[in-house]
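**Q** The structure follows.
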Amino acid sequence: MTVTMTPDEKQDWISKVDSALDEVRPHLAIDGGNIEVVNISDGKIVEIKWLGACNGCSMTAMTMKAGVEETLKRRLPEIAGVVAVN
């Protein structure tokens with residue numbers, strides 16, 4: 001059963017995820033890209049948006065699994081998954 005997060009809990013989670021993504025951002029920036037947290041669901045699915053050169057890049061699927069999702073799950077084991085909204 002999924003428990004609904006309060007707005008404050010959701011914002012806290014978004015802040016935690018955003019902070020964890022700071023580990024990935026320098027690697028994306030090398031190629032002119034970035035990543036933004038759009039939302040986190042009550043089931044702890046993180047929605048991200050690719051920015052800059054990452055938006056439309058053919059390598060985002062690999063980056064998502066091997067970089068973003070792996071980093072988030074290592075730093076925040078409660079995260080169930082990550083999806084891109086663009």
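**Q** Determine the per residue accessible area of the chain with all protein chains present and a 1.4 angstrom probe, expressed in square angstrom.
**A** Accessible area per residue, the chain: 59 Å².
**Q** OK, next. Just add up the charged neighbours of Met5: K/R +1, D/E -1, any other residue whose Cβ is under 10 Å from the Cβ of Met5.
**A** Combined, the nearby Lys, Arg, Asp and Glu give -2.
**Q** Excluding Arg75 itself, what net charge comes from residues whose Cβ is under 9 Å from its Cβ, given Lys and Arg +1 and Asp and Glu -1?
**A** Taking every Cβ under 9 Å from that of Arg75, the sum is +2.
**Q** Kindly work out what percent of the DSSP beta bridges joining two residues of the chain are antiparallel, to the nearest 5.
**A** 65 percent
**Q** Let me spell out the model: positive unit charges on the Cβ of Lys and Arg, negative unit charges on the Cβ of Asp and Glu, origin at the Cα centre of the chain. What dipole size does that give, in debye rounded to 20?
**A** In debye, rounded to 20, the chain gives about 200.
**Q** Using +1 at the Cβ of each Lys and Arg and -1 at the Cβ of each Asp and Glu in the chain, identify which of Val38, Trp13, Ala53 lies farthest towards the dipole's positive end.
**A** Of Val38, Trp13, Ala53, it is Ala53.
**Q** Related question: What nm value, rounded to one decimal, do you get for the distance between Thr4 and Cys57 when each label is placed 7 Å out toward the C-beta?
**A** Output for this residue pair reads 3.8 nm.
**Q** How do the peptides 33-44, 52-63 rank, highest first, by the average count of neighbouring beta carbon atoms within 10 Å per residue?
**A** Highest-to-lowest ranking by the protection proxy: 33-44, 52-63.
**Q** Another question, if that's okay. Please work out how much length the chain gains when fully extended from Asp22 to Glu70, using 0.36 nm per residue of separation minus the C-alpha to C-alpha distance, in nm with one decimal.
**A** Answer, rounded to one decimal: 15.9 nm.
**Q** Within the chain, what whole-number % of the accessible surface is contributed by carbon and sulfur, with the 1.4 Å probe and all protein chains included in the calculation?
**A** The nonpolar share, carbon plus sulfur, comes to 54 percent.
The values are calculated or read from the model by the stated rules, or taken from the named source; none is laboratory data. Being a predicted model, the structure only gives us computed values, none of them experimental. Cβ coordinates were reconstructed from backbone atoms using ideal geometry, including for glycine residues, and neighbour counts include every protein chain displayed. The protein model used for the area step is the full one, side chains on, heavy atoms only, and it has no ligands, DNA or RNA in it. Shrake-Rupley method; radii C 1.70, N 1.55, O 1.52, S 1.80 Å.
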